[in-house]
Structures are given as structure tokens and as C-alpha cells.
Amino acid sequence: MPSASVQAFLTEVEQQLGASCLKTDPDLISTHLIDWRGRYQGRAPAVLFPGSTDQVAQVVRLAAKHRVGLVPQGGNTGLTGASVPDDSGDQVVISLTKLQAIRAVDAANKTMTLEAGVTLAKAQDEADALGLLFPLTLPSRGSATIGGNLATNCGGTAVLRYGNARALCLGLEVVTATGEIWSGLRGLRKDNTGYDLRDLFIGSEGTLGIITAAVLALSPKPAALMTALAKVPSVESAVGLLGLAQKKGAAQLTGFELMTKPALSLVSQYFPVLAQPIQGMGSADLVLLEISSPTGEVEAVGLLEDILSEAYESGLVQDALVAQSIQQAQTFWDIRDHITLASSEDGHQIKHDIGLPISCIPDFMVSMQKELEALLPGTRIINFGHLGDGNLHYNLACPINPNVWSDRNRRHEACKQFMQRLEEEAHHRVHNRVVSLGGSISAEHGLGVMRRDEAARYKGPVEMGLMRSIKTALDPLNILNPGKVVLV
Ligand SMILES: Cc1cc2nc3c(=O)[nH]c(=O)nc-3n(C[C@H](O)[C@H](O)[C@H](O)COP(=O)(O)OP(=O)(O)OC[C@H]3O[C@@H](n4cnc5c(N)ncnc54)[C@H](O)[C@@H]3O)c2cc1C
């Protein structure tokens, strides 16, 4: 049973917003209480679905009155347990998915103002209909929402050229922890009028305010996009290829993704049809390069071929496949986009989302592999990601046990046990090395609950003190996503 204050809160929400605004049926709300990876399972008596910014503000005012913790949620695709409640049963989920309006478009200013519940895929389509580009892109774009993208300051596969979510947002509308509405929906590329509140809310994972709308910055649509897969003899070569592609392509290099052999073998195993394009390339580490051109396909192909032939001559690349059509380019991206899904099918893994100076990546990989092979014999290092940004998803999968592998349930159980037994130690090893090299333990997914305590180990008292001061200044009653990012 929820506490008396939660019950009083829900009664008032129903009175003020109407019964259609909340769901309490356990069957109907169960998917809102577990995270995408199935790692964090919380409890909550209700999920609220306000339909406007005013209704969000009303809910927050009532939550403040009754001291009830609210967990903002968009598409629930987050990967750090930040979008689901804890297991107390006294937190309430507030879904922003009913906030669906495209409020304004300004093609000349290249901006679009839309509400937090619009999915990333819809935002991309809306920009496309204007003849413009909203370049943020993630494999989860069909479900992830703009509110969630901004609350996590997500990255994705186009950061190299266009920046992360923060760089693509010019203004915000936010409901504060006291239930007031801050209207900062400015479409300005320059605005130095004091503390940057927008930047404070972006990346705060729902702990400082609830984002209800945003002004997104759009870009001109390139005339052509060309994609290639390059087989590289080592990660050092991949870093060399990146330098060459940046020198020759400059800002026209819009994507540079690394997919190591073990990551690709998961796609081959669980999505064999998708892996067909790379069958002739043998078992190898691959880089996916994307070049965009303001003039057209001929120029893009020319640039890509120029980069690849020089890379081939200097031994950085052993083989390459240039997409012959948009459809074929999509098949290349499908391979990349399915690594996370194939990993889920394989079973639980020990996950890392690390950021490193690109120059340190080859040494990191060699030395880390040695250390992990000694610590976790047989572990499979599923390493892939946004090499162009220095961001790798450096995940550790359970050694293959032929006795259980063909049975999905037994495989998943074995992976779960592997993870539970070794996760903490593996995190420390990987994160210690990352931090010693000047890196980050969360390049794009955020802290949530998964990396909250780990981040506190590395940040030091001054940084943690400042973070706590910000949280208590903006949310003195600790009602917004309590327990996530930083403990107060
Ligand atoms: C297959 C797959 C691939 C992915 N690839 C990437 C990737 O390449 N790069 C990357 O960065 N991430 C990636 N992600 C993670 C995830 O998709 C992103 O973090 C995304 O931005 C989350 O959006 P969401 O709407 O699902 O947010 P949710 O998961 O619902 O919430 C995430 C966080 O934001 C908060 N929140 C949500 N909406 C609001 C709001 N309106 N106001 C305030 N706080 C809010 C929540 O409380 C929570 O803290 C991937 C996930 C999956 C499943």
C-alpha cells in the first residue's frame, strides 16, 4: 500500500486533472516500472499522463504539497535506470508522452519549437518536411522523446559533426520543482544574459526540473550522404583513419563508428540477415564512415574514395565497401544500430559508456584487455561506438558456456550471474583506468542510479558539493527524480 501522503496526492491529482490523467492498473503500468534493459524494476502506485504544461505544473505543485517523489519519463529507453521509480512504492511516474504538439516552426531561423513528448523520429520527420535536418540520431529514435533526449543530453551517431543534444537545443520550457513554469523558449544562437539555465536543465536527468517544450536548432540538409565500411587491422589504424578522414573531409565527415569483431559477431548470431553485407569481409574490426556533401553524390563518393584509397595505401585499411545506394547505406547503419539489440538478446553484460581522449584509445584497449583477461578469463569484450567522439561502449559479456548457450533462459541466467558476481570489480578496473587517462565514466548515457555512486567516487568533494548545492537550490524538497544522479 502506498503511504497516506501518496494516496492523498493521487486523490487530489484525480480531482484536479480528471481520472483519465492517471493509470493505476498494475498490468497497464508495468512497462513504465522497468527499464529498457530489464535491470531496474521499481514499484509505483500510478503513472500520470498530464496533457499540457499547465497540468504538469499542477501535478508538481501537488507533489510538493504532499512531498511525493516524481519520476519524469519519456520513451523509457534510458540505459542507467533513471527513468523508473525505486522499489519503495512511494514514488509516482509522470509520463510526458501526451505532450505532442509542434508549437512553431521558423524555417528562416532554422528552428522548431515542440513539446517534450514528441519522439526523436517524429522531430526528424518534421524537420525533413521543412527541407531541413534535425541531426540528432540514436538507434532508439522511434521511442525516445525530445524531453528524454535533452534530460539525458544524449549523443548518438552524429555528434562528431553536429554535437550532442545540448548543442542542438536553443531554448527550453521547464516546470520547476515548485510547480512554476520557466519559459525560456528562445530561438537564439547567442544569449549571454546571466547564468545559463537551459544548460543546467539539459543533462540533469529529471532531477532539477521537468522539460515540457524545447526550441531545436535545425541544419541545412546535405545534398548527399555516402557511407562506407572499412576493415581495419587494429584500433590504432582506426584512429589513424579518423585523423585522415578529418584532414580530408573536415566537417563533411558526419559519422565515424567503430564495430569490433566480437560486437559484429553478436549481430551475425542474432540478426544473421542484417549481417549479410559484411559476410565477404571476413571476421574483422570495421569502421563505418559517413560523408555528407552540400553539392551532391559525385562529390561525396569522390571524397570517400580519396580517403579510402590513401588509407589503403598507407595500410590503415585492408578492405572497404562503399554503399551504392541510400538503401545499402541503411543496411550498413542497421548493422551498427543492432549491436545493442543483439547484446540484449545475448544476455546481461557489464556495461561501460566511456569517454577518452582519442589519442589514448589504442593503449587503453590493449592494456585493459590484458587486465580483464586475467580478472575474467573467457569474457568477451563487446566494444563498439562513437570512436570519432572518443566514446566507446566497452561492455563485458559472459564467457560462452556450450552446455547452456542454445537455451535462451539458461543463457540469460548464466549472464545474469556473471554480471552480478563481477560487475563491481570490473567497473572499478575499467573506470579507474579511464579516469587515470583523463576520461569520463559516462560519455552519453548519464548517471541515473547505475553510475551515481561510481561518479561520486571520482568527482571529488568540491564537484560533488557544487552538484548537491545545485540540486538543493532548485529542488529543496527533493521531489524530482529523488535518488538519481546525486544523493542529497
Ligand atoms: C537501442 C538503444 C540505443 C541507444 N543508443 C543511444 C545512443 O547512441 N546515444 C545515447 O546517448 N543514448 C542512447 N540510448 C539511450 C536512450 O535512448 C537515450 O538516453 C534517450 O535520450 C532517452 O530518451 P527517453 O525519452 O527514452 O527518456 P527516458 O528513458 O524516459 O528518461 C531518461 C531520463 O530523462 C528523464 N526525463 C525524460 N523525459 C523528461 C522530461 N520531459 N523532463 C525531464 N526529465 C525527463 C528521466 O527522468 C530519466 O532521468 C539508446 C537506448 C537504446 C534502447
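Any read-out appearing in this document is the output of simple, stated calculations on the displayed coordinates, not a laboratory observation. Just so we're clear, the structure is a prediction, and the values are computed from it rather than from any experiment. Virtual Cβ from ideal backbone geometry, glycine too; neighbours counted across all protein chains shown.
Quick notes on this one:
- Amide proton proximity set for N395, modelled H, under 5 Å, gap of 5+: H352, I382, N383, F384
- Quarter of Cα convex hull surface for region 101-245, i.e. mean projection, nm²: 10.7
- Of the trypsin sites (Lys or Arg not before Pro) in region 385-422, not one is in a loop by DSSP (not H, G, I, E or B) with at most 14 other beta carbons within 10 Å.
- Fraction of alpha-carbon pairs over 18 Å apart in region 347-445 - percent: 45
- 3J(HN,Hα) from dihedral phi, region 194-206, Karplus parametrisation 6.51/-1.76/1.60, rounded to Hz, x for glycine, proline: x, 4, 8, 5, 4, 5, 6, 6, 5, x, 8, 6, x
- At 1.002 mPa s and 20 °C, Stokes diffusion of region 201-319 via Kirkwood alpha-carbon radius, µm² per second: 131
- The chain - Cys residues lacking any other Cys C-beta under 4.7 Å: C21, C154, C169, C360
- Antiparallel bridge percentage (DSSP; both residues within region 12-103; nearest 5): 30
- Long-range amide H partners of R103 with built H, under 5 Å: T113, L114, E115
- Expressed in Å, the radius of gyration and Dmax of the Cα atoms of region 349-388 are 10.8, 30.
- Residue exposure proxy: E180, E299, E115, ordered by other Cβ atoms within 10 angstrom of their Cβ from fewest to most, comes out as E180, E299, E115.
- By the beta-carbon count within 10 Å of each Cβ, the least crowded to most crowded order of T97, T178, fewest first, is T178, T97.
- Within the chain, percent of DSSP bridges classed antiparallel, to nearest 5: 85
- The chain: relative contact order in percent, alpha carbon pairs under 8 Å with at least 6 residues between: 15
- Mean Cα-pair separation over length for region 229-322, i.e. relative contact order, pairs under 8 Å, 6 or more apart, %: 49
- Whole-angstrom gap from region 157-216 to region 369-426, using each part's C-alpha centre: 36
- Mean separation of Cα pairs under 8 Å and 6 or more residues apart, divided by the residue count, gives region 347-445 a relative contact order of 45 percent.
- Stokes-Einstein diffusion for the chain, with the hydrodynamic radius set to the Kirkwood value over Cα pairs and evaluated at 20 °C in a medium of 1.002 mPa s, equals 91 µm²/s.
- Less than 5 angstrom separates the built amide H of I202 from none of the residues sequence-distant by 5 or more or on a different chain.
- Ascending count of other beta-carbon atoms within 10 Å, so fewest first, for M1, M450, M419: M1, M419, M450
- Counted charge near L114, where neighbours are those whose Cβ lies closer than 13 Å (Asp, Glu -1; Lys, Arg +1): -3
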